[in-house]
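Okay, so here's the structure we're looking at.
The values are calculated or read from the model by the stated rules, or taken from the named source; none is laboratory data. Since we're looking at a predicted model, the values are computed, not measured. Note that we place each Cβ from the backbone using ideal geometry, even for glycine, and neighbour counts take in every protein chain shown.
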2 protein chains.
Amino acid sequence: MIGVVAKLAVADGKNAEFEEVAKDLMAKVKANEAGCLTYQLYKSKSDGQSYIFMEQYSSEDALKRHGQTDYFKAAGPKLGACLTGRPEVEYYDIVE
Amino acid sequence: MIGVVAKLAVADGKNAEFEEVAKDLMAKVKANEAGCLTYQLYKSKSDGQSYIFMEQYSSEDALKRHGQTDYFKAAGPKLGACLTGRPEVEYYDIVE
């Protein structure tokens, strides 16, 4: 299993727009990707402009397929337009 | 729902000991905490000494109960002895 934590810094005043695009993306991932076991947006309790996507995939292939979907590619620029910088994305291997 | 990402930097040579204690803790959390929906150790793909616990709780109460369990309190010093510094723990509210 692969874990991903993508940290996103949202610009002031862009929270609602960002969350709307992110929720639509979450719904599409959940509806279409059996290999994506977790894909959940969270907002920091200590910084209202800081968010993460918490993600778990069954395999490297599932992660690769996620990145190749049309809806993920379409959401990227829309999410990016709400951010103050590039997302910080960390990739992890499960320990079990 | 509450999300937690706890980042842990493990000292060189301490990986096996750290993982053993962490796996025992995971097993106890999964066996005893219905309100803890995710409690999974991951190792960074880019830094073999960097780990996270990826965590999801059904409520603030479930998170609080987790921290008060005897097994969590017992694991803390054992895990801490394997680290190069204090864990970096971030708390999040779900966006849905």
Q.
For the stretch A:11-54, give me each residue that is among the β-branched types (Val, Ile, Thr) and more than 16 Å from B:ILE94 (Cβ to Cβ).
A. A:VAL21
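Okay, residues lined up against (1) in contact with a Gly (Cβ under 8 Å, 6 or more places away or on another chain); (2) at pLDDT 95 or above; (3) among the charged types (D, E, K, R); (4) farther than 22 Å from B:SER46 by Cβ:
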site	(1), (2), (3), (4)
A:VAL5	no, yes, no, no
A:LEU8	no, yes, no, no
A:CYS36	no, yes, no, no
A:ASP47	no, yes, yes, yes
A:GLU55	yes, yes, yes, no
A:SER59	yes, yes, no, no
A:GLY67	no, yes, no, no
Q: Kindly check whether there is at least one residue in the stretch B:80-89 that is within 14 Å of chain A (Cβ to nearest Cβ) and closer than 25 Å to A:GLN49 by Cβ.
A: yes
Q: May I ask you to list pairs of residues, at least six apart or on different chains, whose Cβ atoms are under 9 Å apart, with the first in the stretch B:19-32 being of a type in the set (Lys, Arg) and the second being not in a helix (DSSP H, G or I)?
A: B:LYS23/A:VAL95; B:LYS23/A:GLU96; B:LYS23/B:LEU41; B:LYS28/B:THR69; B:LYS30/B:CYS36; B:LYS30/B:TYR39
Q. For the stretch A:72-85, what are the residues that are surrounded by 13 or more Cβ atoms within 10 Å (Cβ to Cβ) and basic (Lys, Arg)?
A. A:LYS78
**Q.** Residue identified as under 14 Å from the mean Cα position of the chain (by Cα) and loosely packed, with under 15 Cβ neighbours inside 10 Å among B:GLU55, B:GLU88
**A.** B:GLU88
Q.
Report every pair of residues separated by at least 6 positions or lying on different chains whose Cβ atoms are under 8 Å apart, first residue within the stretch B:44-59 and more than 8 Å from chain A (Cβ to nearest Cβ) and at negative phi, second of a type in the set (Val, Ile, Thr) and part of a loop (DSSP other than H, G, I, E, B).
A. B:GLN49/B:THR84
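Here is a yes/no grid of residues against (1) surrounded by fewer than 20 Cβ atoms within 10 Å (Cβ to Cβ); (2) in contact with a Ser or Thr (Cβ under 9 Å, 6 or more places away or on another chain); (3) assigned to a helix (DSSP H, G or I):
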site: A:LYS7; (1), (2), (3): yes, yes, no
site: A:GLU19; (1), (2), (3): yes, no, yes
site: A:MET26; (1), (2), (3): yes, no, yes
site: A:LYS30; (1), (2), (3): yes, no, yes
site: A:TYR51; (1), (2), (3): no, yes, no
